[in-house]
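Accompanying notes for the structure given below.
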Amino acid sequence: MESEGDFSGKWVLRGKQAREVIQYVQEEYGCELEFLWQDENAVWRNPTNRKWFGVILKVKGERLGLKTDEDVAALDLRFEKGMAREFVAARGGSGILLGYHMNKDNWITVVLDYGVATEEILGLIDQSYRTVAEGR
């Protein structure tokens, strides 16, 4: 398992928003990415209960329903139980989707560098962290 250090070799972490969210999580929560698999994907865990509150993934855009077959950086975030579908529906396909490869009732996916403001993403990270910390 790889953690801390130079992520420059990881494609998924090269985008502007990926770098911004990584720095934010390190500064705000003291959490480092953990590369659990031999690929581009990584997780953040709550330091107390060790549950994931964020996952950064390299995904083909078409697998997310986007109109591209290019790789995109996707950020999966925990959401309050049963509220993800309503939240995503209200957004109307604006780069925030139901959780990719996760429970679609409890996770959302934010496509990084795809039009969602960084400040909004940071707020969603905060919400995800609190949700996991509170065991919701």
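Tabulated data for the structure shown
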quantity: Qualifying residue in the range 56-71 (condition: acidic (Asp, Glu) and in contact (Cβ under 8 Å) with a residue 40 or more places away in the chain); calculated: yes
quantity: Filter result for the condition that a residue is outside any strand (DSSP E or B) and under 13 Å from the mean Cα position of the chain (by Cα), over Gln127, Gln26; calculated: Gln127
quantity: Among residues of the range 20-50, those that are loosely packed, with under 14 Cβ neighbours inside 10 Å and either of a type in the set (D, E, K, R) or at pLDDT 90 or above (or both), counted; calculated: 9
quantity: Any hit, the range 36-51, residues being under 23 Å from Glu134 (Cβ atoms), assigned to a loop (DSSP other than H, G, I, E, B), more than 15 Å from the chain's Cα centre (by Cα) and of a type in the set (S, T, N, Q); calculated: yes
quantity: Among residues of the range 52-80, those that are in a loop (DSSP other than H, G, I, E, B) and surrounded by fewer than 24 Cβ atoms within 10 Å (Cβ to Cβ), counted; calculated: 7
quantity: Qualifying residue in the range 57-65 (condition: closer than 21 Å to Thr131 by Cβ and hydrophobic (A, V, I, L, M, F, W, C)); calculated: yes
quantity: Number of the exception - Glu120 against (1) in a helix (DSSP H, G or I); (2) in contact with a Phe, Trp or Tyr (Cβ under 9 Å, 6 or more places away or on another chain); calculated: (2)
quantity: Failed item in (1) modelled with pLDDT under 95; (2) buried (at least 19 other Cβ atoms within 10 Å of the Cβ), with Thr109 passing the rest; calculated: (1)
quantity: Residue list for the range 76-117, restricted to those being over 26 Å from Arg14 (Cα atoms) and either in contact (Cβ under 8 Å) with a residue 60 or more places away in the chain or among the acidic types (Asp, Glu) (or both); calculated: Glu80, Glu86, Asp105
quantity: Lone qualifier among Glu86, Glu119 - being out of contact with any Pro (no Cβ under 8 Å at 6 or more places or on another chain), surrounded by fewer than 14 Cβ atoms within 10 Å (Cβ to Cβ) and closer than 21 Å to Cys31 by Cα; calculated: Glu119
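The values are calculated or read from the model by the stated rules, or taken from the named source; none is laboratory data. These numbers come from a predicted model, not from an experiment. For neighbour counting, all protein chains shown are included, and Cβ atoms are generated from backbone atoms with ideal geometry for every residue, glycine included.
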